[in-house]
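The values are calculated or read from the model by the stated rules, or taken from the named source; none is laboratory data. A quick note: this is a predicted structure, and the numbers were derived from the prediction, not measured. Glycine also receives a Cβ, built like all others from the backbone with ideal geometry; neighbour counts cover every protein chain displayed. The area values use the complete protein model at the heavy-atom level, side chains included, leaving out ligands, DNA and RNA. Shrake-Rupley method; radii C 1.70, N 1.55, O 1.52, S 1.80 Å.
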Amino acid sequence: MRELRSWTWVAGGVVAAVLALAAAHGLGLRWDPFDLQGRRLEAARSRVALAEADAHARRAERDGDHTVSREAAVVRDTELEVGRVTATAIQQAREADDADTPLAPDRVRRLDDHDRELCRHAPALCAGAGTADPAG
């Protein structure tokens with residue numbers, strides 16, 4: 001019987017300790033000797049910072065893609081308009097009354113000088129363009 005009483009006290013002590021720990025935990029008391037909670041908090045904060053940086057990079061990439069798309073559309077529209085205007089100008093030049101009349105040499109020189117000056121300012125527009133032979 002004496003042994004039964006000692007086990008009863010041990011069991012009662014264990015139950016009391018568990019209840020005390022549960023009550024302390026319920027009151028917000030935490031025992032974290034290895035600072036596991038702090039480590040988890042720091043890891044979560046670093047993941048949040050990484051996710052925010054990733055989201056910022058994705059937004060910047062998306063905005064850059066939209067900007068490039070808009071600029072490409074402007075360039076494409078400009079090229080199409082230049083092509084239409086050029087085709088119209090070529091057609092009008094071929095159908096002009098004086099289309100078969102050769103230009104005076106000094107006028108050809110002035111036009112060539114003017115073309116070279118334009119090409120100096122916008123070399124990409126003149127790439128591959130040659131000077132037409134006025135005699136030809």
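Once ligands and nucleic acids are excluded and a 1.4 Å probe is used, how much of residue 61 is accessible, expressed in Å² to the nearest 10?
120 Å²
What distance in nm separates the two pseudo spin-label positions at residue 7 and residue 25, each 7 Å out from Cα along the beta-carbon direction?
Placing both labels 7 Å beyond Cα along the Cβ direction yields 2.7 nm.
Please give the length that would be gained between residue 78 and residue 124 if that part of the chain were fully extended, namely 0.36 nm times their separation in residues minus their C-alpha to C-alpha distance (nm, one decimal).
Separation in residues times 0.36 nm, less the Cα-Cα distance, equals 15.2 nm.
Can you give me the accessible area per residue for the chain, using a 1.4 Å probe, in Å²?
Result: 91 Å² of accessible area for each residue.
What's the carbon and sulfur percent of the chain's accessible surface, probe 1.4 angstrom, rounded to a whole number?
That share works out to 61 percent.
Just the projected area, averaged over all directions, of the convex hull on the alpha carbon atoms of region 1-119: how many nm²?
17.6 nm²
Given the options 83, 12, 64, which has the most mean-square fluctuation in a GNM of the chain, springs set between C-alpha atoms less than 10 angstrom apart?
Highest fluctuation of the listed residues: 12.
Who wins for biggest fluctuation among 15, 108, 74 in a Gaussian network model of the chain, springs between alpha carbons below 10 Å?
Maximum fluctuation in the GNM of the chain, among the listed residues, is at 15.
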